[in-house]
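Read the structure below first, then the notes.
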Amino acid sequence: MRLDSKGLVAFDARNETDRSKAVVRTIGVSLDLLDQARQARFGELGIFPEDTDVPVGIVARFWAETGGLDAGETEDFLNELADLSLLLGLDLDRRTLRLHDTIRHFLQDQAGKERLVAGHKCLLRALDGIESSNEVDALTRRYYYLYLLHHLAEAGERERLDRLLLDPGWLREKLAATGNPQALVSITSSMAWVRLRTSSAALYDWPPASSRAIRAN
């Protein structure tokens with residue numbers, strides 16, 4: 001079943017009301033065709049960053065953690081979501097998918113803050129071991145290093161985030177995995193921000209764990 005004729009393409013993109021109604025209609029009709037477990041798996045995609053090609057390998061790890069899906073079941077379900085016009089794109093040759101930003105916002109609104117935080121925490125558990133594994137494909141590894149900090153921040157994992165931002169070894173691994181010199185600029189800026197935040201602890205209610213431990217002793 002395709003919803004191209006009455007789904008996301010059938011509204012005036014300049015009209016926010018039309019856009020919202022189209023999203024509700026598209027998702028509502030499509031979700032009626034999914035059982036409760038598959039609705040939950042689809043809703044979990046709302047944690048991924050906007051305008052991002054998400055590797056199928058990342059989603060497979062995530063859904064293995066949340067729903068016990070294997071790689072084949074993940075691909076089958078992604079194909080089903082694509083057929084229902086619930087994905088902006090699915091490229092199984094490149095092994096990536098992309099969620100429409102408007103649908104992503106809808107899923108986030110439906111989930112609420114607590115469930116989103118729980119989702120990010122669950123994804124972090126699913127990503128454990130990627131750094132030390134020799135079996136992870138390059139695309140999955142690249143996503144891990146590009147967006148780990150994002151998911152840590154969204155999960156409220158502040159101590160681990162602080163440690164990574166100040167870890168030169170992790171920075172080198174990130175550069176090797178992404179092949180993106182801009183990553184150095186991004187991380188260096190983040191490290192400077194953390195040092196500034198640490199030195200200005202009186203102005204911020206979020207000092208790194210290391211500084212709290214030093215003051216406690």
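No value in this document is a laboratory result; all are computed from the given coordinates. Everything numeric in this text was worked out from a predicted model, so none of it was measured. Note that we place each Cβ from the backbone using ideal geometry, even for glycine, and neighbour counts take in every protein chain shown.
A few comments on the model shown:
- Site pair Ala118 and Ala176 shows an inter-label distance of 3.8 nm when each label is modelled 7 Å from Cα along Cα→Cβ.
- Inter-label distance, nm, simple model (7 Å from Cα along the C-beta direction), Asp109/Glu50: 1.3
- Couplings for the stretch 59-69, taken from phi via the Karplus curve 6.51 cos²θ - 1.76 cosθ + 1.60 with θ = phi - 60°, read 5, 4, 4, 4, 6, 5, 6, 8, x, x, 6 Hz in order; Gly and Pro are left as x.
- Percent breakdown of C-alpha pair distances by 5 Å bin, ordered from the shortest bin, for the stretch 31-113: 3, 15, 28, 30, 19, 4, 0
- With a simple spin-label model that places each label point 7 Å from the Cα along the Cα-to-Cβ direction, the separation between Asp70 and Gln36 comes to 2.6 nm.
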